[in-house]
Amino acid sequence: MDPAVPFDRIRELYLYEEPALLASIRRGDRREATRIINLLLVHIYSAGAERSELLKGLLLELIVMMSRAAVEAGASQSEVLGLRFTHLTELAGIEDDEHMSRWLRDSVVRIFEAVERRQDVALPSVVTRALQIIRDECGGELDRTSVARKAGVSPGHLAELLQERTGRTFTDLVREARTDRACELLLTTELSMAAIAAECGFCDQSYFTHVFQKLKKSSPKQYREAHPAKGKTQKNPP
C-alpha cells in the first residue's frame, strides 16, 4: 500500500472534524474535544507501520489551529505561544504510538487549562460582539468601520483589540469566518463552488479557492470529495 494512503485518510477525518473541534474549544467543551481527539487517535493507530512521517506535520497543524481557537476563547496569547513552542519541541521527539497518544491528550489539556485560567479575565465585550458580527455577517460585505460601529468602538481601537486578544488581524478573522462557513456548505449542500463563494462573501471563485487552500491545505473540491454526501439538501439555484 502507498504509505501516503493512511495519512490521507487521517487527514480527511481531521478536515471533517476540525470545525466541531475548534467550536468545542471556543465554548469550553472539553468532553467533546476529547471525543474528537480520541477518534483521531483510533485512526492514527489503525495506520500502524504504514503511517507516513507527514503525520507529525498534520498533528502540528492541529495544535496550531486549537491554539488559535483557545486565544479566541480568551486564553492569554503569550501563554499559548509558549505552549506552542513546548508542543513543537515535544513532538519532534515522539517515536511511538503510546508517546504520541499521551502527547496529544496532554496538549489538549494544556490548551483547555490556558482557556480556563483566563475565565476571570473574559474577552472584552467589544471583542466578543465584533467576533459574533463577523461570524453572523461573513456572507456579505464586511469592513472594519461598519463592524466597529456596530460594536460601539472606533475602527482603530477595534483593530488593536482584535490583534491583542486573538492574535489575528480583522482581515484574517473575516477570511477564517468565511472559510468556516464554506466548509459547512460544502458538507451539507450541493451548491456549486461559485455559488458557495458568493454565499460566503468571496469576490469570486478563484479567490475563494486561493483562501480555502491556504487555510485548509486542501481545495474546496477536494474537501467536499473527501467526505460522504450526508444531509445535503440545498441545490444550486435554477
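Structure notes:
- Failed item, numbered, when Val174 is tested on (1) assigned to a helix (DSSP H, G or I); (2) more than 25 Å from Ala75 (Cβ to Cβ): (2)
- Within segment 204-225, residues that are in the same structural domain as Thr179 (by TED's automatic domain parsing) and part of a helix (DSSP H, G or I) sit with their Cβ atoms under 8 Å from residues that are surrounded by 13 or more Cβ atoms within 10 Å (Cβ to Cβ) and of a type in the set (Val, Ile, Thr), at 6+ positions apart or across chains, in these pairs: Phe208/Ile196; Val211/Thr179; Phe212/Thr179; Leu215/Thr179; Lys216/Thr179; Pro220/Ile196; Pro220/Thr209.
- Positions within segment 11-52 being buried (at least 18 other Cβ atoms within 10 Å of the Cβ), at pLDDT below 75 and not small (Gly, Ala, Ser), in sequence order: Ile44, Arg51
- Condition check for Met65 on (1) touching a helix residue (DSSP H, G or I) at 6+ places or on another chain (Cβ under 7 Å); (2) over 23 Å from Thr128 (Cα atoms); (3) in a helix (DSSP H, G or I): one failure, at (2).
- Close pairs from segment 85-109: first in a loop (DSSP other than H, G, I, E, B), partner surrounded by 13 or more Cβ atoms within 10 Å (Cβ to Cβ), Cβ under 6 Å, at least 6 apart: Ile94/Met100; Ile94/Trp103
- Single unsatisfied condition, Arg168 versus (1) outside any helix (DSSP H, G or I); (2) modelled with pLDDT of 90 or more; (3) within 24 Å of Arg84 (Cα to Cα): (2)
Yes/no per residue for (1) farther than 30 Å from Ala195 by Cβ; (2) surrounded by fewer than 14 Cβ atoms within 10 Å (Cβ to Cβ); (3) outside the structural domain of Leu39 (by TED's automatic domain parsing):
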{"residue": "Ala130", "(1), (2), (3)": "no, no, yes"}
{"residue": "Glu160", "(1), (2), (3)": "yes, yes, yes"}
{"residue": "Gln163", "(1), (2), (3)": "yes, no, yes"}
{"residue": "Thr166", "(1), (2), (3)": "no, no, yes"}
{"residue": "Val174", "(1), (2), (3)": "no, no, yes"}
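The values are calculated or read from the model by the stated rules, or taken from the named source; none is laboratory data. Please read these numbers as outputs of a predicted model, since none were measured by experiment. Note that we place each Cβ from the backbone using ideal geometry, even for glycine, and neighbour counts take in every protein chain shown.
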